[in-house]
Amino acid sequence: MRKLLTVCLCLLLIAQSVPTAFAAEVSAEQENEGEGENGGEKSVEQGNADGGENGGEKGSDEGEKGPDISAPSAILMEASTGQVIYEKNPDEERPPASVTKIMTLLLIFDALEAGQISLDETVATSEYAASMGGSQVFLESGETQTVDTLIKCIAVASANDACVAMAEHIAGSEEEFVKRMNKRAAGLSMTHTHFVNCNGLDAEGHLTTARDIGRMSAELLRLYPQIRDYAMIWMENITHTTPKGSSEFGLTNTNKLVRHYEYTTGLKTGSTSQAGFCISATAEKNEVEMIAVIMAAETSKDRTRDAIALLNYGFGKCSVYQEKNIEATPKIRVRGGVKENALTAQEKTFTYVDTKGSNLADIERKIQMKPSIKAPVKKGQEAGEAVYYLEGEKIGSCKIRIAETVPHMKYIDAVEKAVDNFLP
């Protein structure tokens, strides 16, 4: 009986070309037809607050000078958002020395994450890798060490030979590995960076900036928090096993903040005749983690003093609001879909860095949804945004997206829907 009634109704509708009340809803005469798939307000991203390509010193507030930093180039960022708290000539291109190894470590951990390598597998040292000068752990040609040990050699002792051994192991050659470093840098919008080698030895054209170092440091911390465990080792022994026999070699951390600044979490130092003394210093206090980058300091003591001054300045000014639980978002009406409404969800939790001493408990969240969306609807389409306010001022937003796929309603679907509504 149901099927017969459906067929009869289809024939009647086709013959008369008169849509039912439900079919009219799914016809081409739709309201808000011009809103498109990306309508609504544009999202405000909290992270990567660059501050432009400007030079000179700049504090977090307009006209504020900030701490007295002797190095010619520096930047201070909040780690989770990338928000800049202080900068001084942050986009001047300079040799980074062994701070380069942050990118080398990032690619090593990328390879671990991808399953390309494992921590316990062994790496053979080539003659070329063993020939590296500067800071090294004196690997011999043919010597093998585990990936885990070589990461310690890089992160703790800043070993140039260990860097090249790992580069060759992952990419086949240092040259190919460096290509990957530059590609990874481009993906992080490190627009003033060009790597020539994987260890930071002085080389023509091997340049980066304080801002770009901050960006790759934030990426390493965000993706691979275990780097902190390596970077915080103060002293540890490794074992050289060669045809000559076995011998112990002591690693000592080049980052003196590990011992002398209680909030330190890492990350990497560097120094050469051309680069001067550089550091990407990371530290955490009261659940706020900072990245302080110093480039071209005159002495090791200047580098340490400047880094601590930046970190203390940041901790004194900043508090971070981190949304713990995302409240549910409303459904959105679907025009012409097999379902009248679609589920939605907020894309991510909201994070905000305050430098004004505001009461972050006063942050308000308001939902702004599109009035409707036209089928077919794909999971992940933008449906609106959650907007956050503090003291009446908008401080950021997170996108709200469709959480399910809703196909377009076909003519027969509309007829069956009409039949369902007609039958008791």
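Listed values, structure above:
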item: The listed residue being more than 20 Å from GLN83 (Cα to Cα), crowded, with 19+ Cβ neighbours inside 10 Å and under 26 Å from the mean Cα position of the chain (by Cα), out of ALA342, ALA328, ALA383; result: ALA383
item: Matching entry among LYS399, LYS356 (being at pLDDT 95 or above, among the basic types (Lys, Arg) and within 30 Å of VAL288 (Cβ to Cβ)); result: LYS399
item: Candidate set: region 196-209, residues that are in contact (Cβ under 8 Å) with a residue 12 or more places away in the chain and touching a strand residue (DSSP E or B) at 6+ places or on another chain (Cβ under 8 Å); chosen: the one surrounded by the fewest Cβ atoms within 10 Å (Cβ to Cβ); result: ASP202
item: Condition check for LYS244: more than 22 Å from the chain's Cα centre (by Cα), among the basic types (Lys, Arg) and over 21 Å from MET181 (Cα atoms); result: yes
item: In region 283-333, the residues that are modelled with pLDDT of 95 or more, among the small types (Gly, Ala, Ser) and closer than 19 Å to GLY66 by Cβ; result: ALA283, ALA292, ALA296, ALA297, ALA307, ALA309, GLY314
item: Strands (runs of 3 or more DSSP E) contained in region 299-413 and holding at least 2 residues polar (S, T, N, Q); result: 319-322, 344-346
item: Odd one out for GLU168 among (1) touching a residue at least 40 places away in the same chain (Cβ under 8 Å); (2) within 26 Å of ILE291 (Cα to Cα); result: (2)
item: Contacts under 9 angstrom Cβ, first residue in region 212-224 being within 10 Å of THR282 (Cβ to Cβ) and of a type outside the set (Gly, Ala, Ser), partner open to solvent by 20 Å² or more (accessible area, probe 1.4 Å) and assigned to a helix (DSSP H, G or I), 6 or more apart; result: LEU221/ARG228
item: Search result, residues across region 148-161 that are in a helix (DSSP H, G or I) and under 16 Å from VAL99 (Cβ atoms); result: ILE154, ALA155, ASN160
item: All positions within region 292-317 that are β-branched (Val, Ile, Thr), surrounded by fewer than 24 Cβ atoms within 10 Å (Cβ to Cβ) and either in contact (Cβ under 8 Å) with a residue 24 or more places away in the chain or touching a Pro at 6+ places or on another chain (Cβ under 9 Å) (or both); result: THR304, ILE308
item: Residue selected from region 363-377 under the condition in contact (Cβ under 8 Å) with a residue 40 or more places away in the chain and open to solvent by 80 Å² or more (accessible area, probe 1.4 Å), by the criterion nearest to ALA345 (Cα to Cα); result: PRO371
item: Test set (1) hydrophobic (A, V, I, L, M, F, W, C); (2) open to solvent by less than 10 Å² (accessible area, probe 1.4 Å); (3) assigned to a helix (DSSP H, G or I); (4) over 30 Å from LEU76 (Cβ atoms) - ILE170 fails condition number; result: (2)
item: Those residues of region 269-291 which are assigned to a loop (DSSP other than H, G, I, E, B) and crowded, with 19+ Cβ neighbours inside 10 Å, in sequence order; result: ALA275
item: ALA74 over 25 Å from ASN160 (Cα atoms) and either out of contact with any Asp or Glu (no Cβ under 7 Å at 6 or more places or on another chain) or not β-branched (Val, Ile, Thr) (or both); result: no
item: Residue pairs meeting the criteria (Cβ under 7 Å; at least 6 apart or on separate chains; first open to solvent by less than 80 Å² (accessible area, probe 1.4 Å), in region 116-139; second of a type in the set (Phe, Trp, Tyr)); result: VAL137/PHE249
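The values are calculated or read from the model by the stated rules, or taken from the named source; none is laboratory data. Bear in mind that the values here come from a model prediction, so they are computed numbers and not experimental data. As a convention, Cβ positions derive from the backbone with ideal geometry for all residues, glycine included, and neighbour counts pool all protein chains shown. These area figures cover heavy atoms from the full protein model, side chains too; ligands, DNA and RNA do not enter into them. Shrake-Rupley method; radii C 1.70, N 1.55, O 1.52, S 1.80 Å.
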